[in-house]
Amino acid sequence: MPSTRATEHEWSLLRTACSPVHTEQKNEQIKHLVTILTRWDVLFELAEHHGVQPLLYQALLPAKAVVPPEHFNRLAQKYQANVHKALMLSRELFRILDRLSADAIDVMPYKGLALAEAVYGDIALRQSGDIDLLIHTADLTRLREAVKDLGYVPHDHLSVALEQEYLKSGYEFAFDGPAGRNLLEVQWAIQPRFYAVDLAVDQLFHRCVTASVAGRSLRTLSLEDSFIVLAVHAAKHVWGRLIWLCDLARIIQSPALNWKMIALRAEQLGIVRLLRVTLLLSERVLNTPMPPAADEAIPNDSGAGPLASEIESHIFRENAFDTESPAYFRLMLRLRERRVDQARFLTRLILTPGPGEWDVVQLPPMLFPLYRLVRLGRLAARMVRA
């Protein structure tokens, strides 16, 4: 979080810069906001936290003449640093893919570089973080051995028995690499199981499309699946960073998007309200017009509007949700429109142990079912503290 709380001036400039709408009116508004801005350090901290420094740089280019040179140069240096990191990650991604291909391990890049190219048309316009790969559950062991040859080691170490449990309840495995910690993340699911959004990764592979990343053709998610996956990911984090809304807003603007297909999958998954909240937040925070086809396919309900207003105000308060708090779990429940999904969420939340429970007490595999009791105890203690 920024060390100093941002005011309306910093927020207005950043939100305008991040809007996917490109008009002369937007450029004029940015120039006006630049002339009255005094706290550039706060703006840059805010942009860094929200992962949108490249977008801020791009938006300020037409206003360069009115931006103080020392501040514009500082932002330009950060932009160039991101370019270098994106190129480094591209090289590393290709190295990993070539190694996995040699072992016939089926993987698919998503988020990160693949998303930057598919949605922004330029890997330099999305702030680079790590390498994200989707995998099939059965391939994790072989993948771990393959990337070990490239210098990647698991960030966390689990016993063989606990790893098998984690494959059922978790969703990702992080590796530290030669160029940094947590540089490679592989996922066999989109979220932990207790969120009760059961997106089948095998189906995502089946519907994949081809995108070009740094001149190389790679498979990645279709735009429809990207919208759903990214909306679910943003909801998990209560849409707490602007970059997640920026990604979604640009997908929303795509004229090729099949909203009827998105609506059908949303109904199957029970996330129609979650997607409606995403559309409303994109419209309110980033001034992204809601396409008529989206408005018709993803209908409003009595819960979506108030939720969007609550989350919007939370984003601007700059205080992250405690994802272990009762308030967070209640919010996740309210984002689901069907009682059956709310019940599945609660049941899985209560009865699905994970690393937190495994760290409390070490049990032999034959006693793993007792971890449910440990889970219940930890949740009860948390409720008492709240």
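For the reader, a short list of remarks on this structure follows.
- Only one of 248, 223 that is open to solvent by 10 Å² or more (accessible area, probe 1.4 Å), touching a helix residue (DSSP H, G or I) at 6+ places or on another chain (Cβ under 7 Å) and within 30 Å of residue 329 (Cα to Cα): 223
- Close Cβ contacts (under 6 Å, 6 or more residues apart or on different chains) running from residues in the stretch 70-84 that are over 17 Å from residue 51 (Cβ atoms) to residues that are open to solvent by less than 40 Å² (accessible area, probe 1.4 Å) and in a helix (DSSP H, G or I) comprise 71/40.
- Any hit, the stretch 103-122, residues being hydrophobic (A, V, I, L, M, F, W, C), more than 24 Å from residue 188 (Cα to Cα) and either in contact with a strand residue (DSSP E or B) (Cβ under 8 Å, 6 or more places away or on another chain) or surrounded by fewer than 19 Cβ atoms within 10 Å (Cβ to Cβ) (or both): no
- Residues satisfying the stated conditions in the stretch 123-139, i.e. in a helix (DSSP H, G or I), in contact with an Asp or Glu (Cβ under 8 Å, 6 or more places away or on another chain) and surrounded by 21 or more Cβ atoms within 10 Å (Cβ to Cβ): 123
- If you check 50, 22, 32 for being open to solvent by 70 Å² or more (accessible area, probe 1.4 Å) and within 19 Å of residue 122 (Cα to Cα), only one passes: 22.
- Residue, nearest to residue 255 (Cα to Cα), within the stretch 312-338, restricted to residues that are of a type in the set (A, V, I, L, M, F, W, C), open to solvent by less than 60 Å² (accessible area, probe 1.4 Å) and at pLDDT below 95: 315
- The set of residues in the stretch 341-386 being among the basic types (Lys, Arg) and surrounded by 11 or more Cβ atoms within 10 Å (Cβ to Cβ) consists of 344, 348, 372, 375, 378, 382.
- Test: residue in the stretch 126-140 that is among the hydrophobic types (A, V, I, L, M, F, W, C) and over 25 Å from residue 197 (Cα atoms): no
- Complete set of residues in the stretch 140-157 that are touching a residue at least 12 places away in the same chain (Cβ under 8 Å) and either part of a loop (DSSP other than H, G, I, E, B) or open to solvent by less than 20 Å² (accessible area, probe 1.4 Å) (or both): 140, 143, 146, 147, 149, 150, 151, 152, 155, 156
- Residue match in the stretch 161-170 (condition: outside any helix (DSSP H, G or I), touching a residue at least 12 places away in the same chain (Cβ under 8 Å) and under 21 Å from the mean Cα position of the chain (by Cα)): yes
To keep it simple, each residue is scored yes or no on (1) within 18 Å of residue 81 (Cβ to Cβ); (2) outside any helix (DSSP H, G or I).
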| site | (1), (2) |
| --- | --- |
| 6 | no, yes |
| 9 | no, no |
| 17 | no, no |
| 30 | no, no |
| 44 | yes, no |
| 47 | yes, no |
| 55 | yes, no |
| 60 | yes, no |
| 65 | no, no |
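- All of 164, 203 fail the test of being closer than 16 Å to residue 106 by Cα, surrounded by fewer than 18 Cβ atoms within 10 Å (Cβ to Cβ) and among the polar types (S, T, N, Q), apart from 203.
- For residue 99, the criteria (1) under 21 Å from residue 207 (Cβ atoms); (2) open to solvent by 40 Å² or more (accessible area, probe 1.4 Å) hold in every case but one, which is (1).
The values are calculated or read from the model by the stated rules, or taken from the named source; none is laboratory data. Because the structure is predicted, anything quoted here is derived from the model rather than measured. All Cβ positions, glycine included, derive from the backbone under ideal geometry; neighbour counts span all protein chains shown. Please note that ligands, DNA and RNA were not included when accessible areas were found on the heavy atoms of the full protein model with its side chains. Shrake-Rupley method; radii C 1.70, N 1.55, O 1.52, S 1.80 Å.
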